[in-house]
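Engineer: Just dropping this structure here.
The values are calculated or read from the model by the stated rules, or taken from the named source; none is laboratory data. Note that the structure is a prediction, hence the values are computed from the model and not measured. Positions of Cβ are backbone-derived with ideal geometry, glycine not excepted, and every protein chain shown enters the neighbour counts.
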Amino acid sequence: MTLEATQKQTGGGQQEAQSPAELRKHRLRWWTLAVVSVTLVLETIDEMILNVALPTLQQELGASASGLQWIVNSYILVFGGLLLIMGALGDRFGRARMLQAGLVVFGVASLAAAYVDTTGQLIAARAVMGVGAAMMMPATLSIIVDVFKGKERAKAISIWAALAGIGLFLGPVLGGLLLANFYWGSVFLVNVPIAGLALVATMFLVPDSRDPEAKPLDIPGAILSAGAIAALIYAIIEGPAQGWTSPQILASVVAAVLLGIGFAIRETRTRYPLLDFAFFRRARFSTGAAAISVAFFAIAAMIFGLTQYLQFVQGYTPMEAGIRFLPASLGLMVGAIGSEMLALRYGTTKVVSGGMLLLAATMPLMLLWEVDTPYWAVGVVIALVGFAAAIIFAPSTEAVMGSVPEEKAGVGSAINDLTRLIATALGIAVIGSAMNSIYSSRVAAAVTALPAEVAAAAKDSVGAALQIAASLPGESGAALSAAAAEAFTDAFGLAILIGAAVTLLGALVVARTMPARQQPLSEAKPEEVEEAEALPAPPEYGPAVS
């Protein structure tokens, strides 16, 4: 062990020996990363694994379309609403303890979800899973920030970001494999042993950490933030189905705005805020969060459309479609390894904006896809998207977490996760709505001869159109099937241009506003950060600067 690893620099320039606990933390740091990475992958896989199981759940539980929607949405609403609160609680009471509690809640709720009998029971179990996920996610990243220092932290965060992305793409693969061989509850039951093993490992390999000042929790701020976030996510999710101008959606938007204003006022006036808004005045924090949001806005919508394209248009089973997402995982791994080296050489600004430009240039290639496009052409695009995602996520996450004091790492991590979640919901809502609208208009001519109710169902989704086509005789069924597949392929390619345009705009903003280097925070308080930004930045990323 080096002198640097066994000693720490004090403010006066003298060397002070580290405590046994600090030495153990340093010695086990890579094992700690492995454990928190397992919990991260567990949560991110669960976000996507349910997508391939929805048709099966509809059959087995007799779930309505609304019921299926709330099986997904109950988790998202609770998860998003509690992220900021759980991040603050982790800072206050201990991040390892919060991670352990989250694993228990998530594992027990997953076990319950695997054996429910009704849609309502599954919705409730998914909501409790959302509580566990909100406890786990901020803790994983804040633990990494506590354990890793200096340039090793950037490498650890790159691995964390890559695994978060890999989990999203592995979800459909694992879901397809389980459903092909086991009953529907297996998509939840698989969480239980993983959560159990991770729980045991955290007790031995994850050191606890917290804000040493132990400030009291801002209860009014917590209530206002949870209400504002839940109302916003609800409006985003339900807007496409109910109509953006419907009274319920407008009321939800108004509630989100009013509660958000109330939260902002509360946080700027209370002595111990849940979230110090001074963080957002630090350019790397705000632009890093924005870059993550823009990328997830586009990529989540792409996954949403690609799943349907592979299954409904190209005819793959859920398992076959899931396996075809694997090139994205390969791209993510390569990108994660490369992002750290690229950031060291060229600076965060060039790497993140370059990744966003690559993503913006790759997504329009989907316009070239046809109903019978060979998989190799699809797989290349999927791999490029994964690579671009990695070189956006890892440096952006490091920029966000490096912009907050370590004692507030839980809150910083929660903001990182929350922006991702809201962007995911918004991307699926906006681009998904555009996709459905284009599909409906393009398939309209093919359903004119059908009864009004049947035609409406066929225009509502490509899956419904193919089911209807299968019930029609001979050439009529084949014609509708071909028209629906072609209409959806065109709609997917055109709608994804929205994501490409937003990503291109985001790349330009990042290139113009994100500082290339991280300004050391030392022990500075958020209000002192603005003064620090006026000072010259140290040569953290080498000679090449954007």
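Engineer: Here are some conditions: (1) of a type in the set (K, R); (2) modelled with pLDDT under 85; (3) closer than 25 Å to I71 by Cα. K155 meets all but one. Which one does it not meet?
Structural biologist: (3)
Engineer: Taking interchain pairs and intrachain pairs at least six residues apart, which have beta carbon atoms under 8 angstrom, with the first residue in region 100-129 and farther than 16 Å from T202 by Cβ and the second polar (S, T, N, Q) and not in a helix (DSSP H, G or I)?
Structural biologist: Correct list of pairs: T119/S64.
Engineer: Of everything in region 274-303, what is of a type in the set (F, W, Y) and modelled with pLDDT of 80 or more? Give them in sequence order.
Structural biologist: F285, F296, F297
Engineer: Which of the following residues is closer than 30 Å to M319 by Cβ and either surrounded by fewer than 22 Cβ atoms within 10 Å (Cβ to Cβ) or small (G, A, S) (or both): L122, L178, L174?
Structural biologist: The match here is L174.
Engineer: Take the conditions within 19 Å of the chain's Cα centre (by Cα), at pLDDT 75 or above and assigned to a helix (DSSP H, G or I) and apply them to A133. Does it pass?
Structural biologist: For A133, the condition - within 19 Å of the chain's Cα centre (by Cα), at pLDDT 75 or above and assigned to a helix (DSSP H, G or I) - is met.
Engineer: Still on this structure, please answer the following. Any chance you could count how many residues in region 429-467 are surrounded by 14 or more Cβ atoms within 10 Å (Cβ to Cβ), β-branched (V, I, T) and more than 35 Å from the chain's Cα centre (by Cα)?
Structural biologist: So the answer is 2.
Engineer: Note down all Cβ pairs under 6 Å where the first residue falls in region 172-189 and is farther than 15 Å from A321 by Cβ, the second is modelled with pLDDT under 80 and of a type in the set (F, W, Y), and they're at least six residues apart or on different chains.
Structural biologist: Note: no pairs meet the criteria.
Engineer: From the list S225, S209, pick out the single residue that is crowded, with 17+ Cβ neighbours inside 10 Å, hydroxyl-bearing (S, T, Y) and not in a helix (DSSP H, G or I).
Structural biologist: S209
Engineer: Within region 261-278, can one find any residue that is out of contact with any Phe, Trp or Tyr (no Cβ under 6 Å at 6 or more places or on another chain), part of a loop (DSSP other than H, G, I, E, B) and free of Cβ contacts under 8 Å to residues at least 40 places away in the same chain?
Structural biologist: Scanning region 261-278 turns up at least one residue that is out of contact with any Phe, Trp or Tyr (no Cβ under 6 Å at 6 or more places or on another chain), part of a loop (DSSP other than H, G, I, E, B) and free of Cβ contacts under 8 Å to residues at least 40 places away in the same chain.
Engineer: Of the residues A231, A289, A283, which single one is surrounded by 14 or more Cβ atoms within 10 Å (Cβ to Cβ), within 22 Å of I71 (Cα to Cα) and under 24 Å from the mean Cα position of the chain (by Cα)?
Structural biologist: After applying the criteria, what remains is A231.
Engineer: Could you tell me whether G67 is of a type in the set (G, A, S) and in contact with a Ser or Thr (Cβ under 6 Å, 6 or more places away or on another chain)?
Structural biologist: yes
Engineer: Can you tell me how many residues in region 340-357 are surrounded by fewer than 21 Cβ atoms within 10 Å (Cβ to Cβ) and either more than 21 Å from the chain's Cα centre (by Cα) or within 27 Å of Y439 (Cα to Cα) (or both)?
Structural biologist: Selection size over region 340-357: 4.
Engineer: Here's a follow-up. Applying the selection to region 359-379, what residues are surrounded by 20 or more Cβ atoms within 10 Å (Cβ to Cβ), farther than 11 Å from T489 by Cβ and hydrophobic (A, V, I, L, M, F, W, C)?
Structural biologist: Passing the criteria: L359, A360, M363.
Engineer: Among the residues that make up region 213-222, is at least one of them within 30 Å of M319 (Cβ to Cβ) and more than 23 Å from the chain's Cα centre (by Cα)?
Structural biologist: no
Engineer: Also, quick follow-up: Condition check: buried (at least 24 other Cβ atoms within 10 Å of the Cβ), of a type outside the set (G, A, S) and either part of a loop (DSSP other than H, G, I, E, B) or touching a helix residue (DSSP H, G or I) at 6+ places or on another chain (Cβ under 7 Å) (or both). Does I422 satisfy that?
Structural biologist: no
Engineer: Would you confirm whether any residue within region 151-168 is within 17 Å of W31 (Cβ to Cβ), among the polar types (S, T, N, Q) and out of contact with any Pro (no Cβ under 7 Å at 6 or more places or on another chain)?
Structural biologist: no
Engineer: If you don't mind, another one. Any residue at all in region 77-97 that's more than 18 Å from I415 (Cα to Cα), more than 21 Å from the chain's Cα centre (by Cα) and buried (at least 21 other Cβ atoms within 10 Å of the Cβ)?
Structural biologist: The answer is yes; a qualifying residue exists.
Engineer: Is it the case that region 486-506 has a residue that's of a type in the set (F, W, Y), over 30 Å from S353 (Cβ atoms) and modelled with pLDDT of 80 or more?
Structural biologist: So far as region 486-506 goes, yes, one or more of its residues are of a type in the set (F, W, Y), over 30 Å from S353 (Cβ atoms) and modelled with pLDDT of 80 or more.
Engineer: List pairs: first in region 191-218 and on the phi > 0 side of the Ramachandran plot and modelled with pLDDT under 85, second surrounded by fewer than 21 Cβ atoms within 10 Å (Cβ to Cβ) and not in a loop (DSSP other than H, G, I, E, B), Cβ under 9 Å, 6+ apart or cross-chain?
Structural biologist: A214/R92; A214/F93
Engineer: Would you point out which residue out of A255, A251, A301, A241 is buried (at least 18 other Cβ atoms within 10 Å of the Cβ) and either among the small types (G, A, S) or within 22 Å of I428 (Cα to Cα) (or both)?
Structural biologist: So the residue among A255, A251, A301, A241 that is buried (at least 18 other Cβ atoms within 10 Å of the Cβ) and either among the small types (G, A, S) or within 22 Å of I428 (Cα to Cα) (or both) is A301.
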